[in-house]
Amino acid sequence: MKRILVTGACGQIGSELVKSLRQKYGPENVVATDIKKPSAFLKATDGFHYLDVLDADELARLVVEEDIDTIFHMAAILSAVGEQHPQMAYRINMEGLMHVLEVARQKGVRQVIAPSSIAVFGPDAPKENTPDDTPLNPTTMYGVTKVAGEKLMQYYYLKYRLDTRSVRFPGIISSETAPGGGTTDFAVDLYVHAVHHQPYTAYIDAHTPLPFMYMPDAIKAIVQLAEADDSCLTRRVYNVHAMRLTPAEIVASIQRYIPSFECYYEPDHRQQIAESWPHSIDDRNARRDWNWRPDYDLDGMTRDMIEKLSQSIQ
Ligand code: AKB
């Protein structure tokens, strides 16, 4: 049985990943860590530990004491906050990953999975069906750290045979834990405002396309890649795609269920970040190598989001 440690376990993806891994491998085999205060769900389990990823000694202690063989490294600063605090984003994203890889190497951890992002692409990458291999010239610090992170993970695989794996996530839409500090967070805000019957002012222009994915598909992707037979993998980092959506398309989908919902548009500094990213992603390598397929389309996701968010406010 795997012994798993998750960093950033209180974040948007981390919190749902912990739930899913605990269902699969047993709650006692998944150690959740973060610097944030844990949710009631995490608090109720004794598998939560305070951990700052900048503290390599504490990470090493936990890995040894808990006999960890797999690390899901989810702790990161996202694009919008990263542009406000580029030096902090560099430190947390780069030093944090380096600590995870070094502790893994020194303490005999078998596998490290850390997400990358569509933010690795910059304005010179093809906008539609952006392939895995194309120029990586991001214009955000977040993107810079994700490109360097991908290369670092590949280096540890080639030099030390540490089993590193990564997916480039698009914007993730979810109902459980709010996202924090990303450019694509507006998509979640749209749903939250709609179920509260409040209008929303989006900071991204109505017709800017971006790649998105519903959380159950994101969890499926990262767990499926972690479990894939190594002999099937032709690379360490994979594009994954689900939906190409503009804010206006998400609003129209919400209005099919909540017709009174209204959205206004006042693009701010995040518009420039969104415009530097692709519209849609070519994920044929993931589909071929480990059978990746998303389950949700726009209206399927909207139905589920509205149902779950409505239940949570009752
Ligand atoms: C962000 O907006 O920064 C993230 C991402 C696309 O990686 N959601």
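Could you identify the single residue in Gln84, Gln23 that is open to solvent by 10 Å² or more (accessible area, probe 1.4 Å), without any contact (Cβ under 8 Å) to a residue 40 or more places away in the chain and within 16 Å of the ligand (Cβ to nearest atom)?
The conditions single out Gln84.
When the helices (runs of 4 or more DSSP H) confined to the range 37-107 are screened for residues that are charged (D, E, K, R), within 22 Å of the chain's Cα centre (by Cα) and closer than 30 Å to Gln272 by Cα, those reaching at least 1 such residues are found at 79-84.
Of the set (1) touching a residue at least 24 places away in the same chain (Cβ under 8 Å); (2) surrounded by fewer than 17 Cβ atoms within 10 Å (Cβ to Cβ), all apply to Ile71 but (2). Aromatic (Phe, Trp, Tyr), open to solvent by 20 Å² or more (accessible area, probe 1.4 Å) and part of a strand (DSSP E or B): is that true of Tyr296 in this structure? Criteria not met by Tyr296. Screening Gly171, Gly149, Gly180, Gly143 for residues that are surrounded by fewer than 18 Cβ atoms within 10 Å (Cβ to Cβ) and either of a type outside the set (Asp, Glu) or modelled with pLDDT under 95 (or both) leaves exactly one candidate, Gly180. Pairs linking a residue in the range 270-286 that is among the polar types (S, T, N, Q) to a residue that is part of a helix (DSSP H, G or I), with Cβ atoms under 9 Å and 6 or more positions apart or on different chains, are Ser276/Ala119; Ser276/Gly143. In the range 269-293, the residue that is farthest from Ala242 (Cα to Cα) out of those that are of a type in the set (A, V, I, L, M) and assigned to a helix (DSSP H, G or I) is Ile273.
Being open to solvent by 20 Å² or more (accessible area, probe 1.4 Å), out of contact with any strand residue (DSSP E or B) (no Cβ under 8 Å at 6 or more places or on another chain) and either over 30 Å from His196 (Cα atoms) or not assigned by TED's automatic domain parsing to the domain that holds Arg165 (or both): is that true of His269 here? It is true that His269 is open to solvent by 20 Å² or more (accessible area, probe 1.4 Å), out of contact with any strand residue (DSSP E or B) (no Cβ under 8 Å at 6 or more places or on another chain) and either over 30 Å from His196 (Cα atoms) or not assigned by TED's automatic domain parsing to the domain that holds Arg165 (or both).
The values are calculated or read from the model by the stated rules, or taken from the named source; none is laboratory data. Note that the structure is predicted; figures quoted are calculated from it, not measured. We place every Cβ from the backbone using ideal geometry, glycine too, and count neighbours over all the protein chains shown. All accessible areas refer to the heavy atoms of the entire protein, side chains included, with ligands and DNA or RNA removed. Shrake-Rupley method; radii C 1.70, N 1.55, O 1.52, S 1.80 Å.
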